[in-house]
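Peer 1: Below is a structure I'd like to ask you about.
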Amino acid sequence: AICRLFFITRVFMKNIVVLISGEGSNLQAMIDACASGQISGKICAVISNNADAYGLVRAKKAGIPSFIFERKAYETYQAMDQAIASQIELIGADLIVLAGYMNILTPAFTQRFAGKILNIHPSLLPKYSGLDTYQRAMTDGETEHGMTIHFVNEIVDGGSIILQAKVPIFPEDEIEDVIARVQEQEHRYYPLVIAWFCADRLKEVDGKAYLDGKPLPPEDYGNEE
Ligand code: GAR
């Protein structure tokens, strides 16, 4: 019976690979959500492009194998992404989660894993794609900011949107206040979206995101728990 249970979980549990570059607080939220059973999936590996990323410590503590691919070891981004892709295929990942991975993936990579890559971005896309989103939003005098979870395609921060969460920016805020407010939403919603994917509820078809067979609106301020 134990053998059969093992077989069933192996068949139904999705293999997740998480790509990081730094702190790994989103990785931690996923580790916790796998442990609590919110996500029916297994983080099989963590991949970092930065050997000093604190997320690697988190992976180690959770017993997750990690792999480092540093740009300086490769002649081109293409070569680096090819090496990462081969590693991911070796692992047999069903889902690739970008969690603060601060490299732009090559089109060859995003096309190879189309519909299987998720990213989280600290802005209400399509506003503030790219870097320094908090500073730019505050300099512009925005009264709200937020985060977007989306499928990844070859356009940077341009893939189909799955879920967005808004937070206020108050006049007296320091940048740290806004970062903390956005990250609270990230840690809450990224595990939820990954849980949807692992339960086969979330799919990308023809460049559009679907949940339970229904297209998600381009701006989706989801509140389903
Ligand atoms: C997250 O806030 C994520 O939205 C952002 O990096 C942070 C990583 O934090 N990602 C991007 O800016 C991608 N363009 P973490 O390492 O603590 O999860």
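The values are calculated or read from the model by the stated rules, or taken from the named source; none is laboratory data. Keep in mind that what you see is a predicted model, and the values were worked out from it rather than measured. Cβ atoms come from the backbone with ideal geometry, glycine included; neighbour counts cover every protein chain shown. Note: areas computed on protein heavy atoms with side chains; ligands, DNA, RNA excluded. Shrake-Rupley method; radii C 1.70, N 1.55, O 1.52, S 1.80 Å.
Peer 1: Let me confirm something: among GLY55, GLY22, which residue is within 13 Å of the ligand (Cβ to nearest atom), of a type outside the set (S, T, N, Q) and within 14 Å of ASN103 (Cα to Cα)?
Peer 2: GLY22
Peer 1: Do any residues in segment 12-23 that are acidic (Asp, Glu) have Cβ atoms under 6 Å from those of residues that are open to solvent by 10 Å² or more (accessible area, probe 1.4 Å), where the two are at least six apart or on different chains, and which pairs are they?
Peer 2: Close Cβ pairs (under 6 Å, with a partner that is open to solvent by 10 Å² or more (accessible area, probe 1.4 Å)) amount to GLU23/TYR54.
Peer 1: Tally the residues that are of a type outside the set (Gly, Ala, Ser), part of a helix (DSSP H, G or I), in contact with a helix residue (DSSP H, G or I) (Cβ under 7 Å, 6 or more places away or on another chain) and open to solvent by 20 Å² or more (accessible area, probe 1.4 Å), restricting the search to segment 88-128.
Peer 2: Narrowing segment 88-128 to residues of a type outside the set (Gly, Ala, Ser): 88-91, 94-98, 101-107, 109-113, 116-122, 124-128.
Add one more test, that the residue is part of a helix (DSSP H, G or I), and what stays is 88-91, 107, 109-112.
Next, from what is left, pick out any that are in contact with a helix residue (DSSP H, G or I) (Cβ under 7 Å, 6 or more places away or on another chain): 109, 112.
With open to solvent by 20 Å² or more (accessible area, probe 1.4 Å) added as a condition, the list becomes 112.
So the count comes out to 1.
Peer 1: Shifting gears a bit: If I ask for residues that are among the basic types (Lys, Arg) and closer than 20 Å to ASN15 by Cα, which ones from segment 69-117 would you list?
Peer 2: Selection gives ARG112, LYS116.
Peer 1: Follow-up question, since we're still on this one. I'd like to verify a number: residues in segment 129-159 that are surrounded by 15 or more Cβ atoms within 10 Å (Cβ to Cβ), part of a loop (DSSP other than H, G, I, E, B) and within 10 Å of the ligand (Cβ to nearest atom), how many?
Peer 2: Residues in segment 129-159 being surrounded by 15 or more Cβ atoms within 10 Å (Cβ to Cβ), part of a loop (DSSP other than H, G, I, E, B) and within 10 Å of the ligand (Cβ to nearest atom): 1 in total.
Peer 1: Let me ask something additional. Kindly evaluate ALA85 against the criterion of being crowded, with 20+ Cβ neighbours inside 10 Å and closer than 24 Å to CYS34 by Cα. Full working, then the answer.
Peer 2: On the way: crowded, with 20+ Cβ neighbours inside 10 Å: no; closer than 24 Å to CYS34 by Cα: yes.
Taking the combined requirement at face value, the residue does not satisfy it.
Peer 1: Then there is this: Within segment 36-77, can you find the residues that are aromatic (Phe, Trp, Tyr) and assigned to a loop (DSSP other than H, G, I, E, B)?
Peer 2: PHE69, TYR74 - these are the residues of segment 36-77 that are aromatic (Phe, Trp, Tyr) and assigned to a loop (DSSP other than H, G, I, E, B).
Here's the yes/no breakdown for (1) farther than 24 Å from HIS187 by Cβ; (2) within 16 Å of the ligand (Cβ to nearest atom); (3) at pLDDT 95 or above:
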{"site": "THR76", "(1), (2), (3)": "yes, no, yes"}
{"site": "VAL97", "(1), (2), (3)": "no, yes, yes"}
{"site": "LYS116", "(1), (2), (3)": "no, no, yes"}
{"site": "LEU124", "(1), (2), (3)": "no, yes, yes"}
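Results for (1) part of a helix (DSSP H, G or I); (2) among the aliphatic types (A, V, I, L, M); (3) within 15 Å of the ligand (Cβ to nearest atom), shown as yes or no for each residue.
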position	(1), (2), (3)
GLU176	yes, no, yes
ARG181	yes, no, yes
GLU184	yes, no, yes
HIS187	yes, no, yes
TYR190	yes, no, yes
ALA195	yes, yes, no
ASP200	no, no, no
LYS203	no, no, no
ALA209	no, yes, no
